[in-house]
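All remarks here apply to the structure that follows.
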Amino acid sequence: MKKVDVLLGLQWGDEGKGKIVDVVTPQYDIIARFQGGPNAGHTLIFDGEKYVLHTIPSGIFRDNTINVIGNGVVIDPIIIRQEIEKLEAKGIDVVSKLLISKKAHLILPTHKILDKFSEEQKGKKKIGSTLKGIGPTYMDKTGRNGLRIGDSQLSTFKEKYDHLVQKHKAILGDYDYAEMLNEFEPKWFEAMDFLSKFTLIDSEQYINGALKEGKTILAEGAQGTMLDIDFGTYPFVTSSNTVTAGTCTGLGVAPNRVGEVIGIFKAYCTRVGSGPFPSELDNEVGENIRQIGHEFGATTGRDRRCGWIDLPALKYAIMINGATQLSMMKADVLDSFEEIEVCTHYEINGEKFDYFPYDINSVDVKPIYKKIKGWNKDLTKLSDLKEAPQEFLDYISYLEQELQTPITIVSVGPDRAQTIIRN
Ligand code: GDP
Ligand code: IMO
Ligand code: MG
């Protein structure tokens, strides 16, 4: 029986998952999202066009591939409808290529309002949420109050919806939500009608049946390991398990049915939203990386915080995910740098750490760097590593040795074509 391969982020998201899923999709029959929702923004660029996907798996542009939204995903009908309509306008037959788990939970307009309300209450301590309603929706899921997309086929759907909205209104009290609710609620029900043309499935049956038939499946992660609800920089995290284990619960794949785990990371590091980021460069170098790397959020347009690559965080992420191979992204962004730095460990109160201690929010974490000579050449037209500058090859070898995992994919530009697959 075949196994499910997994591709996920090892940092704080936006590593370039969408791009690589699209690149490797021709090797797979099925691409499946297992967690997260429209907080994600996955960018794909090919044939001179750019697309950003939020809920839809990044295999949607290739023929002969089925895309599955798993039970672990949360869906905002309004946002997914917009995504689908954009794709349909490009001539893509989304209805025949997209299957949705009946068990995926729905993001209600009031979940979005609750997200905003919660962030406002936190004040300076806010998470920096994308305000897409992710946290409140997962809270209702684990609190056993949630509404699932499969419920839309029940005669009691509206009743269930109203019941949940009443609960939310009780929490919101006299918070001023009327305008938002009036704006989103009609669109939400229209979008639910629009979605009725899609096939809702028991995705765990579908996925396991496909494996039995010898089909190849890739699970596409959203966010990144350092944003995982259990293993990320809590409480500055998202509300789902973004790690390999999330594939098991978010698709119904047994642990022994997980195959290759491809961990993606940038040749440097970024984070959007609040929370600790030890190797952050709050200076001109960071600003340079932001400008050259176009580090602005694909979902919210916010500035992404930029910094050097963080080896302790990467080693931790590789351990938690059982990553068997790595994909290094955006090395081209460092093309003009004479020198590159790598965070090898941290110093906290004079003590050396090579992992994140429990409390990294209230202590002063000092990153310790190793300086590396830059390659100082244009990588964006590189198609074979045989022609790569020696300093770049040395950087790859150094990382492979530190991370004890092979780098099998090297990305040197945002386009589908700017990708080097190594044996
Ligand atoms: P995702 O959320 O992990 O799919 O990543 P995002 O799409 O949010 O962010 C990655 C950004 O980097 C996008 O703008 C991509 O077009 C871009 N990108 C991906 N790979 C590369 C690369 O190798 N080089 C450069 N310069 N840009 C890249
Ligand atoms: P992709 O899939 C980067 C961040 C938010 C915030 C925190 C919680 O594109 O890599 P949430 O809306 O989930 O409650 O926000 O997580 N965040 C992301 N950062 N990439 C993402 O997704 C993210 N999804 C959420 O900025 O700090
Ligand atoms: Mg993104």
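The values are calculated or read from the model by the stated rules, or taken from the named source; none is laboratory data. Quantities reported herein were computed from a predicted structural model and do not represent experimental measurements. Please note: Cβ atoms are built from the backbone with ideal geometry, for glycine as well, and neighbour counts cover all protein chains shown. These area figures cover heavy atoms from the full protein model, side chains too; ligands, DNA and RNA do not enter into them. Shrake-Rupley method; radii C 1.70, N 1.55, O 1.52, S 1.80 Å.
Among (1) open to solvent by less than 20 Å² (accessible area, probe 1.4 Å); (2) out of contact with any helix residue (DSSP H, G or I) (no Cβ under 9 Å at 6 or more places or on another chain); (3) modelled with pLDDT of 95 or more, there is one condition Gly297 misses while meeting the rest; what is its number? Single failed check for Gly297: (3). Of the residues screened, Thr216 is one that is touching an Asp or Glu at 6+ places or on another chain (Cβ under 8 Å) and within 30 Å of Asn256 (Cβ to Cβ).
The condition of being buried (at least 23 other Cβ atoms within 10 Å of the Cβ), more than 19 Å from Lys103 (Cβ to Cβ) and near ligand 1 (Cβ under 10 Å from one of its atoms) holds for Val21.
The set of residues from region 381-393 being surrounded by 13 or more Cβ atoms within 10 Å (Cβ to Cβ) and in a loop (DSSP other than H, G, I, E, B) comprises Leu382, Ala388, Pro389.
Out of region 333-370, which residues are at pLDDT 95 or above and small (Gly, Ala, Ser)? Of everything in region 333-370, just one residue is at pLDDT 95 or above and small (Gly, Ala, Ser), namely Ser336.
Among the residues of region 225-276, those that are among the hydrophobic types (A, V, I, L, M, F, W, C) and within 16 Å of ligand 3 (Cβ to nearest atom) comprise Met226, Leu227, Val237, Ile264, Phe265, Cys269, Val272. Does Asn71 meet the test of being within 11 Å of ligand 1 (Cβ to nearest atom) and open to solvent by 10 Å² or more (accessible area, probe 1.4 Å)? So Asn71 does not fit the description; no.
Cβ separations smaller than 7 Å between residues 6+ apart or across chains give the following pairs from region 16-40 residues that are within 15 Å of Thr55 (Cα to Cα) to residues that are aromatic (Phe, Trp, Tyr) and surrounded by fewer than 24 Cβ atoms within 10 Å (Cβ to Cβ): Asp22/Phe61.
Being open to solvent by 10 Å² or more (accessible area, probe 1.4 Å), within 15 Å of ligand 3 (Cβ to nearest atom) and either closer than 21 Å to Asn241 by Cβ or among the hydroxyl-bearing types (Ser, Thr, Tyr) (or both) is the requirement here; does Thr55 meet it?
When the stated conditions are applied, Thr55 does not pass them.
Among the residues of region 237-282, write down those that are surrounded by fewer than 20 Cβ atoms within 10 Å (Cβ to Cβ) and in contact with an Asp or Glu (Cβ under 6 Å, 6 or more places away or on another chain). Listed by number, the residues that qualify are Gly259, Glu260. Among (1) open to solvent by 10 Å² or more (accessible area, probe 1.4 Å); (2) out of contact with any helix residue (DSSP H, G or I) (no Cβ under 7 Å at 6 or more places or on another chain); (3) more than 16 Å from ligand 1 (Cβ to nearest atom); (4) not hydrophobic (A, V, I, L, M, F, W, C), which single condition is Gly48 missing? Just one mismatch for Gly48, condition (3). Among strands (runs of 3 or more DSSP E) entirely within region 311-373, having at least 2 residues that are within 29 Å of Ile409 (Cβ to Cβ) and within 26 Å of the chain's Cα centre (by Cα) singles out 325-329, 339-348.
Considered as a group, the residues in region 1-26 that are over 25 Å from Thr233 (Cα atoms) and part of a loop (DSSP other than H, G, I, E, B) include one that is nearest to ligand 2 (Cβ to nearest atom), and that residue is Lys3. Residues in region 25-44 that are open to solvent by 10 Å² or more (accessible area, probe 1.4 Å) and more than 10 Å from the chain's Cα centre (by Cα) were compared, and the one that is farthest from Ala267 (Cα to Cα) is Asp29. When region 401-423 is filtered for residues that are assigned to a helix (DSSP H, G or I), of a type in the set (D, E, K, R) and without any contact (Cβ under 8 Å) to a residue 40 or more places away in the chain, nothing remains. In region 118-144, the residues that are touching a residue at least 12 places away in the same chain (Cβ under 8 Å) form Cβ pairs under 9 Å with partners that are among the aromatic types (Phe, Trp, Tyr), at six or more places apart or across chains, as follows: Ile127/Phe236; Gly128/Phe236; Pro136/Phe117.
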